[in-house]
Amino acid sequence: MTMRRTVRAALIAASLSAAALVAAACPASAQEGKGNTPSPKGAFVYFHYPKDGSRVPQRFTVRIGLKEMGVAPAGVKMANTGHHHLLIDAPPGPPGEPIPSDYNHIHLGNGQTEVVVTLTPGVHTLQLVVADQDHIPHVPPVMSQKITVTVR
Ligand SMILES: [Cu+2]
C-alpha cells in the first residue's frame, strides 16, 4: 500500500515536470503577436505643454503632440496607431513589457491627447511613451525626451 502510493506520487511529479518543460520550451508561441508592434518610420511624440525647464502650477494640463502616427484607444488594434502614456518621475520600462498603471504611469486609454495632472511642489520629470493596444511600446519605441518641470 505504502509502496503504491509512492509510485503514484512519483508519476504525478513526472507528468508535472513534463508539462513544465513543454511550457518552458515554447515561451515565444505563448507571447506571439504581443510586444512587437512596429512603429511607423519618423513617428515622433512631444510635449506641446509644458516645455522642458518650465515652471508650472500644481494643477496643469499636459498637451501632447504626435507626428507621423495616429491615436487609437487602448484595446484597438490598428496599424500605425497607439495611445499615450505620461510617465511622472519614472523611467521607461524594459522593451516588450506592458507599461504599468499607477500614479507614475498615466494611460490615456481613450485616445486623449491631453491630461490634467496635480503634482506636489518641487522638481518633477515627465516623459511621453506611445504604446500599442496591449500597452506595450512599439518597436522601435516612440517616446519623447524626458523633461523637467518645477511645480511652484
Ligand atoms: Cu496604456
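Counting 0.36 nm for each residue step from F44 to A79 and taking away their Cα separation leaves a gain of 11.0 nm. Under the simplified labelling scheme, the N104-T150 pair shows an inter-label distance of 2.4 nm, with each label point 7 Å from Cα along Cα→Cβ. Going from the fewest other Cβ atoms within 10 Å to the most, the residues V76, V45, V71 appear in the order V76, V71, V45.
All of the numbers you see were taken from the coordinates with simple rules; none came from a lab. What you see is a predicted model, and the numbers here were worked out from it, not measured in a lab. Don't worry about glycine lacking a Cβ; one is built from the backbone with ideal geometry, like all the others, and counts go over all protein chains shown.
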